[in-house]
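Here the structure is laid out as structure tokens; the discussion comes afterwards.
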Amino acid sequence: MTESRFEVGIIVARRRLKGPWASHAWLPVAALPAAAGAPAGTVLSDSEDETRVYAGAFEVTLHPGETAHYRDNLVSGRPCLWVALRANGPDAYEVASVTADPYEGESMAEGIGEIVEAVPMPSEVQAKLLAFFEAFHVERRFEKRKRDRADPEALARRARVPGETRE
């Protein structure tokens, strides 16, 4: 049976900045094909300019109505997962959501206060996405709707009849 929910591990980085307004920035940098055995918050690498941290396991949910979006992601040449980080303290961030839908990822980036980045999708996750697409995709023919012609009499203001009250 095709999976509609699965977990991925997310890696975030705390990068040092050279500007005068902020000393560092947090951003998602990678996704693992499954949850890692390490606890969330485990430091994976540390250098003067960047610290990489395992943020934990997060669920990706796939929906049958969005299979065309997943196809667009897979054939893009650079399949990605979109990861949103939300501040939960002065110098701490948590993963708010993870999606494989490029259009949902774009809408997440329009929000205020969250850091949204597209990270490369692991090949194992690409295989799950492709299997889901093949199991549930139904090609829908595009039909442009035609507007009804306006009836100018229906749009005209009705004359007031003496003695009639309007509701």
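Looking at region 73-96, is at least one residue of a type in the set (Gly, Ala, Ser) and in contact with a helix residue (DSSP H, G or I) (Cβ under 7 Å, 6 or more places away or on another chain)?
yes
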Among the residues of region 117-134, write down those that are in contact (Cβ under 8 Å) with a residue 60 or more places away in the chain and either buried (at least 16 other Cβ atoms within 10 Å of the Cβ) or touching a Ser or Thr at 6+ places or on another chain (Cβ under 7 Å) (or both).
GLU117, VAL119, MET121, PRO122, VAL125, LYS128, LEU129, ALA131, PHE132, PHE133
With the requirement that a residue be assigned to a loop (DSSP other than H, G, I, E, B), under 21 Å from TYR54 (Cα atoms) and modelled with pLDDT under 95, what does region 88-112 give you?
PRO90, ASP91
Taking ALA118, is it at pLDDT below 95, among the small types (Gly, Ala, Ser) and in a strand (DSSP E or B)?
no
Given (1) of a type outside the set (Gly, Ala, Ser); (2) within 20 Å of the chain's Cα centre (by Cα); (3) under 24 Å from LEU17 (Cβ atoms); (4) surrounded by fewer than 17 Cβ atoms within 10 Å (Cβ to Cβ), PRO90 misses just (2)
Based on what the data block shows, is ALA22 assigned to a loop (DSSP other than H, G, I, E, B) and exposed (fewer than 13 other Cβ atoms within 10 Å of the Cβ)?
yes
If you check LEU81, LEU85, which single one turns out to be surrounded by 10 or more Cβ atoms within 10 Å (Cβ to Cβ), of a type in the set (A, V, I, L, M, F, W, C) and at pLDDT 95 or above?
LEU81
Among the candidates VAL43, VAL29, residue that is in a strand (DSSP E or B), hydrophobic (A, V, I, L, M, F, W, C) and within 16 Å of the chain's Cα centre (by Cα):
VAL29
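The values are calculated or read from the model by the stated rules, or taken from the named source; none is laboratory data. All of these numbers come straight from a predicted model, not from anything done at the bench. Heads up, the Cβs are rebuilt from the backbone with ideal geometry, glycines too, and the neighbour counts pull from every protein chain shown.
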